[in-house]
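Presented below is the structure to which this report refers.
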There are 6 protein chains.
Amino acid sequence: MNPQNIFISKKFEFSASHRYWRDDWSEEKNDQIFGKCTSPYGHGHNYELHVTVSGKVDPVTGMIINLTDLKKHVNVVLEKFDHKFLNLDTPYFKSDIPTTENIARVLFDLIDEELKDKGDFRLSKIRLYERSDLYVDVWQEEM
Amino acid sequence: MNPQNIFISKKFEFSASHRYWRDDWSEEKNDQIFGKCTSPYGHGHNYELHVTVSGKVDPVTGMIINLTDLKKHVNVVLEKFDHKFLNLDTPYFKSDIPTTENIARVLFDLIDEELKDKGDFRLSKIRLYERSDLYVDVWQEEM
Amino acid sequence: MNPQNIFISKKFEFSASHRYWRDDWSEEKNDQIFGKCTSPYGHGHNYELHVTVSGKVDPVTGMIINLTDLKKHVNVVLEKFDHKFLNLDTPYFKSDIPTTENIARVLFDLIDEELKDKGDFRLSKIRLYERSDLYVDVWQEEM
Amino acid sequence: MNPQNIFISKKFEFSASHRYWRDDWSEEKNDQIFGKCTSPYGHGHNYELHVTVSGKVDPVTGMIINLTDLKKHVNVVLEKFDHKFLNLDTPYFKSDIPTTENIARVLFDLIDEELKDKGDFRLSKIRLYERSDLYVDVWQEEM
Amino acid sequence: MNPQNIFISKKFEFSASHRYWRDDWSEEKNDQIFGKCTSPYGHGHNYELHVTVSGKVDPVTGMIINLTDLKKHVNVVLEKFDHKFLNLDTPYFKSDIPTTENIARVLFDLIDEELKDKGDFRLSKIRLYERSDLYVDVWQEEM
Amino acid sequence: MNPQNIFISKKFEFSASHRYWRDDWSEEKNDQIFGKCTSPYGHGHNYELHVTVSGKVDPVTGMIINLTDLKKHVNVVLEKFDHKFLNLDTPYFKSDIPTTENIARVLFDLIDEELKDKGDFRLSKIRLYERSDLYVDVWQEEM
């Protein structure tokens, strides 16, 4: 078996709220494009995040990455998002709307950066669920 | 079979955000009791609500309650909660903290009121999930 | 601990189709009350059934009921429903509409009868899911 | 991040019934190959469909595709399947058996056609669950 | 609303292994009654435990019990079970078979004892899942 | 549609226990790397295995592989793992630690071997869940 064909995934959770709104649009246009998500004080979600890492299985430990380490690295990122209002409490959505697509892109970059040079593995993919029936996948470019 | 021993339940969902905070407490005491939930702009959840109705099964339709009607009545209530910041966008949590317990109590009373005199059935129970691992049940007093 | 306060539940599954239709009603009235469920050749569901049994825990085996036996008894009943068109392939819905309420009532009676005199336990409750967001509970009258 | 590496998925549901049967085979051969699925009036399922779309995230809206649009386009297709007996109520399974594989292939082609020229995105994949333990994936050929 | 009609539930998880075997039975009898569960070194499960507590909702905090406290008390008990071989690593199954029924009874008594005199609430019920399709409920005797 | 772009997946389950321990390490080092998993008699899990097969859809049966056959072939492999203590009851983990990564690698090779020359299909992928929040994917090298 080729080692790059094996992946380990761990699920994380965080709760946050967000608002969809563009100041350069009229209220009518905001409502038309963003629907109920324009509500002024924001509304919230339980986000579920699957983080997928690839690498060689260490013949001594039998592990791609020690899960204690994976949790530590990912939680450095998630602490910035958990129990926050994403538009106001984080610096990432000042100009970008905090849609599931944009939150997933930001999370991918932050986790990818956090895992760099930490061992013989790399971030392959994240999946972010806003609800159980809506999710976004972001894959590492060259797999 | 005794007709009062049969119950029909329908699941609903809504997204909302909330904050746990008491002005009459110091920030230290708020943090100690409410932890991460004190975050100033609030944080959010996908709430899942199970509404359970009891009654006689109508021999003609085979139904306790027509589900189209049940959805209509419950959605009158949920529209006040969906995509809202519960502390500021609703009148129910001005003095009460919007914990899962208190949200469930308010929802039970509102849905119970909404279903009254609508037919030969009554609200028996609601279950409110804040997350898949945390939920509150409220039962009708005299079952 | 009082032995009647302990319950064991096992989940079963079956696939069936059904149609909601009353010949003594006009097509308009059928559509108004039963909506899409009037479709002439029927439509189907994966039903999920939870069977709950109460009794004394046998001090020798540590069991209320041997699960091999429970499966055998419940499957005698479910074989009449699995992969069937409930209106035409079973005798139970000639005059009663095969709503979730009525299917649950029929299943409760058949399983209750099947479990009778098979041991020191009794059927307490069944829960029948038509979909993950719609289910009916039937409880034994005198618990 | 390369935009083609981001995907958004939405879950849909429909209920349908089907029968596995070939007229050019004996009843014995049908039973041997298709088992309980040969039952004459058909049996049913709650199908769950995940539709995955790829594209560039619009910098203004933060979206690959507006979910209101995605729902509208997919529902045009699903209305032909929901609450139907697939063998008799649709034109797609006159000669092909409505197995999960064939239903998935038909759904992929219909949704792919429906999404064409509607925007700067494309159908990447569908996943069709017949039950929670059985599903078929169909991927766009050149990803 | 009567305060005893409100309940809060929290889900916990632990992993353990067990063996069903009676020394006073022949291997044949053990196999006949316990099937694959007689395997000598034991086999394992991810157990899921739902702990349900009832009480008055505190008008100041909006809580029946602070979840940080509930977790602390229940984890005192679960530390004795998590990552253990229940027959050998715990004192509870020397003579009793570690069936789901018996594990649930032991857990109920230990958690009930642990929660006593800790506040204005009491243990109402636990539900223990051995697998997603098999679970045992234990209720407090006088509710 | 290109036939190699269609995949069918079936979920299987088995229960097993395992221990993480290296004799050539001190107890301190074992504890530091493997945490609670070093517990001497092992602990257990309900493993969930998704087996994904690709191939041409047979125009006569509408199937990539008859599920009765798929179940038969996979169960030949799973009988070696179900209700076993993986370290002692199987030959696969004498020198390799039975981590989720290593169990998945062994299962992939055994199922791949078992499906060879059985028909016009091949194993594409397996996914092995140790818990609902931890899983490993193994893909066939040249897809």
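The values are calculated or read from the model by the stated rules, or taken from the named source; none is laboratory data. Predicted model, so just to flag it, every value in this text is computed and none were measured. Virtual Cβ from ideal backbone geometry, glycine too; neighbours counted across all protein chains shown. The protein model used for the area step is the full one, side chains on, heavy atoms only, and it has no ligands, DNA or RNA in it. Shrake-Rupley method; radii C 1.70, N 1.55, O 1.52, S 1.80 Å.
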### Residues with amide H under 5 Å from that of E:Phe85, placed H, sequence gap 5 or more
E:Ser17, F:Tyr41
### Query
What is segment C:57-118's relative contact order, in percent, from Cα pairs under 8 angstrom and six or more apart in sequence?
30
## Note on the structure
The answer for C:Glu13, listing residues at least 5 apart or on another chain whose modeled amide H is closer than 5 Å to its amide H, is C:Leu49
### Message
Shape verdict for the protein assembly as shown, please, from the Cα gyration tensor: rounded (a/c under 1.5), prolate (a/b greater than b/c) or oblate.
### Response
rounded
### Query
Taking chain D as a Gaussian network, Cα atoms linked when under 10 Å apart, which of D:Asp133, D:Asp31, D:Asp112 shows the biggest mean-square fluctuation?
D:Asp133
## Note on the structure
With +1 at each Lys and Arg Cβ and -1 at each Asp and Glu Cβ, the charge dipole magnitude of segment F:6-139 around its Cα centre, to the nearest 20 debye, comes out at 340
### Query
So if we plug the beta-carbon distance of C:Glu79 and A:Ser95 into 1/(1 + (r/R0)^6) with R0 = 60 Å, what FRET efficiency do we get, rounded to 0.05?
0.45
### Separation in nanometres of the label points that stand 7 Å from Cα toward Cβ, at C:Ser132 and A:Gln32
3.5
### Summary
For segment C:83-100, Karplus-derived ³J(HN,Hα) couplings (6.51, -1.76, 1.60; θ = phi - 60°; whole Hz; x for glycine and proline) come out as 6, 10, 9, 4, 5, 9, 8, 10, x, 8, 10, 6, 10, 8, 5, x, 6, 4
### Message
Given a 10 angstrom Cα cut-off, can you work out which residue in A:Asn102, A:Asn46, A:Asn66 is the most mobile in a GNM of chain A?
### Response
A:Asn66
### Message
Using the crude model of +1 on Lys and Arg Cβ and -1 on Asp and Glu Cβ, and no other charge, please compute the dipole size for the protein assembly as shown relative to its Cα centre, in debye to 20.
### Response
0
### Accessible-area value, C:Thr100, 1.4 Å probe, nucleic acids and ligands omitted, Å²
0
### GluC sites (Glu not before Pro) restricted to segment A:1-80 and DSSP loop, no more than 13 other C-beta within 10 Å
A:Glu79
### Task
Could you compute the FRET efficiency for E:Asn66 and D:Asp24, with r as their C-beta to C-beta distance and R0 at 56 Å, rounded to 0.05?
0.20
### Message
Is the C-alpha gyration tensor of chain D telling us rounded, prolate or oblate? Criteria: a/c under 1.5 is rounded; beyond that, a/b larger than b/c is prolate, otherwise oblate.
### Response
prolate
#### Entry: Shielding of B:105-114 by partner chains, average beta-carbon count, 10 Å
1
### Query
Hey, what number do you get for chain A at 222 nm if only DSSP H runs of n ≥ 4 count, each worth -39500 (n - 2.57), divided across all residues, to the nearest 500?
-8000 deg cm²/dmol
### Task
Please turn the phi angles of segment A:66-76 into ³J(HN,Hα) values with the Karplus equation 6.51 cos²θ - 1.76 cosθ + 1.60 (θ = phi - 60°), one per residue in order, whole Hz, x for glycine and proline.
5, 5, 4, 5, 4, 4, 4, 5, 5, 5, 4
#### Entry: Overall form of segment D:1-75 per C-alpha gyration tensor (a/c, 1.5; a/b vs b/c)
prolate
### Query
Most fluctuating residue of F:Ile33, F:Ile65, F:Ile111 in a GNM of chain F with Cα springs under 10 Å: which is it?
F:Ile33
### Message
Taking R0 as 22 Å, what FRET efficiency do you get between E:Lys56 and B:Glu113 from their Cβ-Cβ distance, rounded to the nearest 0.05?
### Response
0.45
#### Entry: Shielding by partners, peptide F:80-86 (average Cβ within 10 angstrom, other chains)
5
### Task
Anything over 21 Å Cα to Cα? Flag those among A:Lys72/A:Lys125; D:Lys11/D:Lys94; E:Lys10/E:Lys118; E:Lys11/F:Lys71; C:Lys72/C:Lys125; A:Lys11/A:Lys84, in the order listed.
D:Lys11/D:Lys94; E:Lys11/F:Lys71
### Task
Report A:Val76's accessible area, 1.4 Å probe, all protein chains in place, as a number in Å² to the nearest 10.
60
#### Entry: Karplus-derived HN-Hα couplings along segment D:58-65 (A = 6.51, B = -1.76, C = 1.60, θ = phi - 60°), whole Hz, x at Gly and Pro
5, x, 7, 8, x, 10, 6, 8
### Computed accessible area, C:Lys94, all protein chains, 1.4 angstrom probe, square angstrom
140
### Query
If contacts are Cα pairs under 8 angstrom and at least 6 residues apart, what is the relative contact order of chain A in percent?
29
### Query
Sorted from shortest, what are the nm distances separating the label point of E:Asp24 from equivalent points in the other copies, each placed 7 Å from Cα along Cα to C-beta?
4.9, 6.2, 6.2, 6.7, 8.3
### Accessible surface buried once B binds C (1.4 Å probe; total of both sides; Å²)
2000
